[in-house]
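The values are calculated or read from the model by the stated rules, or taken from the named source; none is laboratory data. On a predicted model such as this, the values are computed, not experimentally measured, just so you know. Glycine also receives a Cβ, built like all others from the backbone with ideal geometry; neighbour counts cover every protein chain displayed. Remember, those area values only see protein heavy atoms, side chains included, never the ligands or the DNA or RNA. Shrake-Rupley method; radii C 1.70, N 1.55, O 1.52, S 1.80 Å.
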Amino acid sequence: MRIAVIGAGYVGLVTGTCLAETGNDVTCVDSDRAKIDLLRRGEIPIYEPGLGELVQRNLAAGSLQFSTDLAAACAPAKLVFVAVGTPSADDGSVDLSALWSVVEGVAGHLAHDAIVVVKSTVPVGTNAEVAARLARLAGRPCDAASNPEFLKEGAAVDDFMKPDRIVVGARRQQVFDVLADLYQPYLRTDKPLLCMSPESAEMTKYAANALLSAKISFINEIANICQRSGADVNEVRRGMGHDSRIGFAFLFPGAGYGGSCFPKDVRALAAVARKHGVEPRILEAVHEVNERQKAVLADQIRQHFAGQLAHKTIAVWGLSFKPGTDDVREAPALVLIDQLLAWGASLRVYDPEAMANVRRLYGDRLAYGRGRDDVLEGADALAIVTEWKQFIHPDFERMRRQMRQPVIFDGRNLYNPRSMKQVGFTYYSIGRPAVQPE
Ligand SMILES: NC(=O)c1ccc[n+]([C@@H]2O[C@H](COP(=O)([O-])OP(=O)(O)OC[C@H]3O[C@@H](n4cnc5c(N)ncnc54)[C@H](O)[C@@H]3O)[C@@H](O)[C@H]2O)c1
């Protein structure tokens with residue numbers, strides 16, 4: 001099948017590449033010329049495990065191409081996927097300007113039987129508006145489908161290749177048939193392709209992200225109650241998770257959720273609710289709890305140093321919003337960094353993949369480490385914000401020798417408080433009692 005994918009970011013690049021991998025003829029289009037030039041050379045502008053190899057293979061085979069020419073890519077395409085960004089506007093609603101610019105750009109160039117498939121996360125009713133605008137601009141009815149994406153950054157290729165389910169919203173059986181045929185290679189383990197209205201498909205994506213965010217805010221609130229009341233949230237989490245009605249997924253307390261999806265999707269769904277006269281009380285609480293949670297590590301640090309952060313050096317491990325990605329959009333680490341800088345601390349930061357993105361934001365206001373151990377030299381404390389695997393078993397003896405003061409603020413509960421006491425650290429974590437060295 002000839003396919004155009006508009007927007008070659010985390011979702012579009014993975015979508016286009018994985019569709020090329022199953023034998024389709026794909027052109028990925030992006031308005032960012034530098035990104036397209038990089039991709040044409042087989043270089044990947046983002047960190048996503050396994051993606052580089054697939055891009056290079058399909059590029060070499062000719063099944064994957066990159067272009068800035070929207071019209072030329074769309075004209076021969078049977079399917080035009082739209083995967084441009086849909087960021088938050090100032091009032092929390094969704095800024096759809098990139099989507100509308102693509103709709104205007106493609107309308108005059110679509111083949112007569114082309115289907116425009118919206119993969120971007122968009123509010124209920126957007127698909128109907130896409131179809132209406134396309135029809136108006138093209139002077140004839142055009143098919144628009146909603147096909148929200150559920151991949152996770154850090155495991156995006158795997159998620160695309162082996163999805164739990166595929167959701168398609170459309171109004172005509174032929175559209176379902178074309179997409180079912182396209183996705184059949186990815187559903188070989190009998191996972192379902194769920195056909196529904198575009199409105200339900202659009203809502204499914206927001207509802208799923210809102211529930212996952214709610215689970216995180218829920219366990220963070222429980223953690224904060226544990227911290228004050230003497231319970232250990234890790235024990236509580238285990239006690240809860242073994243209940244088959246509850247499970248363990250997304251019940252890990254931490255420094256708050258971030259990324260390009262959860263924060264903006266919770267805000268967007270709340271805005272949709274308000275627009276329709278529904279008071280989004282749970283969604284607002286999920287968001288507020290998360291905003292507060294992002295300040296918990298900074299509060300612990302301030303209290304430990306009695307507010308005296310000037311002339312203190314804090315090492316930070318983990319900057320991306322979660323392990324396995326270089327994405328720092330709405331990352332809790334950035335909130336911590338801003339706060340510590342405002343209090344006058346010096347920061348030495350390290351992340352296995354996100355250093356370039358953070359350097360772009362902070363320039364020389366931070367010191368950037370070459371490795372995990374490098375940033376500890378002379379540090380008054382270490383703050384851990386992202387649970388990269390390489391942080392799980394550090395050499396604590398060596399760390400204690402390197403650091404000016406052996407203090408760890410662990411925003412991801414990586415270590416056992418009892419062991420930390422034994423190896424001589426003052427150790428703070430989330431929802432568990434702090435410990436002092438023996
Ligand atoms: N990142 C995720 O994990 C994820 C998962 C599921 C769904 N989504 C949704 O998918 C959509 C895309 O997210 P993303 O993270 O891939 O965004 P992204 O910012 O990484 O990529 C968007 C791309 O679109 C390009 N673009 C913007 N306007 C354009 C235009 N007019 N013409 C051509 N290209 C244009 C940008 O240059 C950029 O490369 C969003 O709606 C997001 O909510 C994201």
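For the reader, a short list of remarks on this structure follows.
- Per atom type, region 140-217 shows carbon and sulfur on 53% of its accessible surface, probed at 1.4 Å.
- Solvent accessible area, Å² - Val423, 1.4 Å probe, full protein context: 30 Å²
- Dividing the radius of gyration of the alpha carbons in region 175-255 by their Kirkwood radius gives 1.19 for Rg/Rh.
- The peptide list 252-259, 78-85, put in order of mean Cβ contacts within 10 Å with the highest first, becomes 252-259, 78-85.
- Directionally averaged shadow of region 51-94, computed from the convex hull of its alpha-carbon atoms, nm²: 5.0 nm²
- Per-peptide average of other Cβ atoms within 10 Å, ordering 351-364, 4-17, 182-195 highest first: 4-17, 351-364, 182-195
- With 10 Å bins from 0: P(r) over region 390-434, alpha-carbon pairs, percent: 27, 63, 10
- Degrees between helix 281-293 axis and first principal axis of the chain (Cα, 0 to 90, nearest 10): 50 degrees
- For region 10-168, a Kirkwood hydrodynamic radius built from all Cα pairs, placed in the Stokes-Einstein relation at 25 °C and 0.890 mPa s, yields a translational diffusion coefficient of 151 µm²/s.
- About the Cα centre, charge dipole magnitude for the chain (Lys/Arg +1, Asp/Glu -1 at Cβ), debye: 520 debye
- In terms of Cα atoms, the Rg and Dmax of region 236-347 work out to 17.0, 51 Å.
- With R₀ fixed at 60 Å, the C-beta to C-beta distance from Gln173 to Ile392 puts the FRET efficiency at about 0.75.
- Convex hull (Cα only) mean projected area of region 209-252, reported in nm² to one decimal: 2.8 nm²
- Simple spin-label estimate for Ala367 and Ser31 in nanometres, 7 Å along Cα-Cβ: 4.1 nm
- Ratio of Rg to Rh over region 84-222 (Cα coordinates, Kirkwood Rh, two decimals): 1.00
- In region 316-403, one over the average inverse separation of all distinct C-alpha pairs is 13.1 Å, which is the Kirkwood hydrodynamic radius.
- Protection proxy ranking of 371-378, 240-247 - average other beta-carbon atoms within 10 Å, highest first: 371-378, 240-247
- Debye-sum result for the chain in log10 I(q)/I(0), which assumes one identical scatterer on each alpha carbon, at q = 0.08, 0.11, 0.13 Å⁻¹: -0.51, -0.90, -1.16
- Note on region 353-438: Cα-only Rg and Dmax are 13.5, 42 Å.
- Centre-to-centre separation between the Cα atoms of region 169-234 and those of region 405-422: 33 Å.
- For the chain, the relative contact order comes to 12 percent (Cα pairs under 8 Å, sequence separation of at least 6).
- Percent RCO, i.e. relative contact order, over region 162-278, from Cα pairs under 8 Å lying at least 6 residues apart: 24 percent
- Rg to Rh, two decimals, where region 293-335 supplies the alpha carbon set and Rh follows Kirkwood: 1.04
- Flagged links, alpha-carbon separation over 23 Å, of Lys191/Lys275; Lys294/Lys322; Lys35/Lys119; Lys152/Lys215; Lys35/Lys294; Lys264/Lys294: Lys191/Lys275; Lys35/Lys294
- Spatial separation of Cα centroids for region 30-57 and region 351-388, in angstrom: 25 Å
- For the chain, adding -39500 (n - 2.57) for each run of n ≥ 4 DSSP H residues and dividing by the number of residues yields -13000 deg cm²/dmol at 222 nm.
- Whole-number accessible area per residue in Å² for the chain, which is evaluated in the context of all protein chains at 1.4 Å: 44 Å²
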